[in-house]
Amino acid sequence: MTMRRSEAYILIMCYRPIGVFDSGVGGLNVLKIASELMPNERFIYLADKARMPYGVRSVREITTAATECAGILVGMNCKAITVACNTATEVAIDTLRSLFPSVIIVGLEPAVKPCLRELGSNGYAVALVTEATAASVKFESAVKKSDGKIKAVPLHALASVIENNDINSTAVRDCVSAVLKPYPDAEAVILGCSHYTSVTRIIREIYGGNIKIYDGAYGEAARLKYCLSVAGLSAPTEQTGSVRFYSTKKRQGV
Ligand code: DGL
């Protein structure tokens, strides 16, 4: 049986890599989950360390940064872009989708809806986010709709503290403790920045294990898998999965 041109085209598309980007190490958790869910895919991870932190930047700067990252990944022949950053998703995903219409683009959003579904009637949740996410239209409206059940906590420095320190250091622990101190009776914490996933264990310890934690990372990876499958672009099972890492920041001394 001969293969039609369109079938051959789809087959070639399947082998193309998937781009994942964040301002730094935060998106590595999304990458880990995605590569476990899709072991045959080839991933390219781009850390925009030259412009980290995104969370303190203007809408314009974040949109430019996200557009450049997506452009680099599209230039590397990616079939899909995974925005593994809540800030870039909230601020720039619509722009990315209009600029790169032929590529699947999935984003990372604070898991407000799943949290609200499971929150007790008298409980409240703390949504830890960057300043830019807190100010974004999408996030603001999600919080407004929650009727006070979601308390948004815009954080200026936590992502940078996590990026630049050992996760087990006192600097990181002290920063997380200070952030959560005003909310000793919270029922849940929403991790609204991909960097914060790394401090899940610390958050649990602070609340003595008595806290629900919501992270959008798994949802994003599952959505990516679904979109690839619907488009017929999942990697063939004979392909061996891999990950390549890139950064926009040159290493010192290199
Ligand atoms: N990791 C990013 C996020 O999910 C932003 C961290 C930053 O660069 O400020 O929002």
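The values are calculated or read from the model by the stated rules, or taken from the named source; none is laboratory data. Predicted model only: the values in this text are computed from it and were never measured. Reconstructed Cβ throughout: ideal geometry from the backbone, glycine too, with neighbour counts over all protein chains shown.
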Count of residues meeting criterion [part of a loop (DSSP other than H, G, I, E, B) and either within 11 Å of the ligand (Cβ to nearest atom) or not charged (D, E, K, R) (or both)] in region 59-106: 9
Working carefully through the options 174, 185, 166, find the one that is exposed (fewer than 14 other Cβ atoms within 10 Å of the Cβ), on the phi < 0 side of the Ramachandran plot, of a type in the set (Asp, Glu) and outside any loop (DSSP other than H, G, I, E, B). 174
Qualifying residues in region 96-119 (those that are over 14 Å from the mean Cα position of the chain (by Cα) and charged (D, E, K, R)) - the one farthest from residue 187 (Cα to Cα): 97
All positions within region 124-151 that are in contact with a strand residue (DSSP E or B) (Cβ under 7 Å, 6 or more places away or on another chain) and either within 17 Å of residue 202 (Cα to Cα) or away from the ligand (no atom under 13 Å from the Cβ) (or both): 124, 125, 126, 127, 128, 129, 143, 149, 150, 151
For residue 164, which of the numbered conditions (1) out of contact with any strand residue (DSSP E or B) (no Cβ under 9 Å at 6 or more places or on another chain); (2) under 16 Å from residue 216 (Cβ atoms) fails to hold? (2)
Every residue from region 15-62 that is of a type in the set (D, E, K, R), touching a residue at least 40 places away in the same chain (Cβ under 8 Å), within 18 Å of residue 93 (Cα to Cα) and surrounded by fewer than 20 Cβ atoms within 10 Å (Cβ to Cβ): 51
In region 195-212, is there at least one residue being out of contact with any Gly (no Cβ under 8 Å at 6 or more places or on another chain), at pLDDT 95 or above and assigned to a strand (DSSP E or B)? yes
